[in-house]
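Below is one structure, written out as structure tokens; the observations come after it.
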Amino acid sequence: MSSKTYNRDSKLHQLLRDGRHYKIDKQQIIQSTEDRQVVNIIMSGYFRKYLITNDGSVGAMIIYGPEDIFQVTLLYKKLFNQPLYHGIETHFYEALSPAEVCTVDADQLVEAIKNEPSLYPDLLQEVGRHLDFCINSIENLALKNSEKRIAHMICYFARKFGAKSSEGVIINMPLTHQSIGEILNITRETVSTNIKGLRDNGLLIAKGNSSIVVPDLEKLEAEAYSQS
């Protein structure tokens with residue numbers, strides 16, 4: 001699984017773990033792109049970055065989990081004077097589950113990176129994780145229908161957050177039909193119908209309200225890319 005090759009003991013991660021420690025309640029918004037100039041590392045739990053569109057609907061941009069860092073875009077702007085977002089929308093960071101984070105002021109972290117050049121490869125690796133999500137999202141849009149897009153997205157989360165078990169790869173995260181719909185910009189009803197189809201075909205196993213098991217990741221991935 002790709003997440004196993006990720007360097008969770010990098011100097012950048014260690015520096016962030018030494019920051020201020022907070023416990024976060026489910027559904028608590030801890031930050032937006034308009035206010036706190038801080039960088040966070042997730043110690044446990046899950047967050048979503050989302051925006052509210054002009055019609056009042058929610059658009060979920062990305063899901064963060066343990067060991068993820070946000071806002072990396074803030075670091076790029078401060079380090080290189082290179083803004084990575086030019087839109088006018090405000091993005092919010094909301095806990096999808098009870099969570100714990102460690103937080104460092106962005107200016108303090110930028111100063112540490114400038115004074116310790118060995119931190120730059122760590123930052124580049126973190127940016128690579130975000131780029132991986134962006135590439136995955138672009139590819140997802142090109143898939144044939146909503147069922148294949150859902151299968152494709154679940155494969156991504158299985159590789160990023162999943163753990164191997166006797167049943168397959170288990171994804172223990174709050175991935176509801178509503179949240180899947182918000183990520184992919186499709187209705188919850190469509191998600192429910194397609195999830196049922198994937199279950200009926202033996203490609204997914206539902207475990208309660210917050211866990212999904214992928215019995216065979218390669219088969220689910222093949223379904224996502226199939227032309228039928």
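Below, the figures for the structure above:
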item	result
Hits in the stretch 159-174 (condition: among the hydrophobic types (A, V, I, L, M, F, W, C) and in a helix (DSSP H, G or I))	161
Test for residue 87: is it more than 17 Å from residue 134 (Cα to Cα) and outside the structural domain of residue 186 (by TED's automatic domain parsing)	no
Residue check, residue 97 modelled with pLDDT of 90 or more, within 30 Å of residue 186 (Cβ to Cβ), outside any strand (DSSP E or B) and polar (S, T, N, Q)	yes
Among the candidates 133, 161, residue that is of a type in the set (Phe, Trp, Tyr), within 21 Å of residue 222 (Cα to Cα) and assigned by TED's automatic domain parsing to the domain that holds residue 27	133
Hey, residue 28 over 30 Å from residue 115 (Cα atoms) and surrounded by fewer than 18 Cβ atoms within 10 Å (Cβ to Cβ) or not	yes
Among (1) within 17 Å of residue 133 (Cα to Cα); (2) of a type in the set (A, V, I, L, M); (3) not in a helix (DSSP H, G or I), the one test that residue 180 misses	(3)
Yes/no for residue 85 being over 14 Å from the mean Cα position of the chain (by Cα) and in contact (Cβ under 8 Å) with a residue 24 or more places away in the chain	yes
Flag for residue 158 being aliphatic (A, V, I, L, M), buried (at least 17 other Cβ atoms within 10 Å of the Cβ) and in contact with a Lys or Arg (Cβ under 8 Å, 6 or more places away or on another chain)	no
Filter result (out of contact with any Lys or Arg (no Cβ under 9 Å at 6 or more places or on another chain) and over 18 Å from residue 154 (Cα atoms)) within the stretch 34-48	34, 35, 36, 39, 40, 42, 44
Conditions (1) out of contact with any Leu (no Cβ under 7 Å at 6 or more places or on another chain); (2) at pLDDT below 95; (3) assigned to a helix (DSSP H, G or I); (4) not hydrophobic (A, V, I, L, M, F, W, C): number failed by residue 122	(1)
Candidates 78, 23, filtered to the one that is basic (Lys, Arg) and either outside any strand (DSSP E or B) or surrounded by 16 or more Cβ atoms within 10 Å (Cβ to Cβ) (or both)	78
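The values are calculated or read from the model by the stated rules, or taken from the named source; none is laboratory data. Since the structure is predicted, the reported quantities are computational estimates derived from the model, not experimental observations. When we count neighbours, we look across all protein chains shown, and the Cβ atoms used for this are built from the backbone with ideal geometry, even at glycine.
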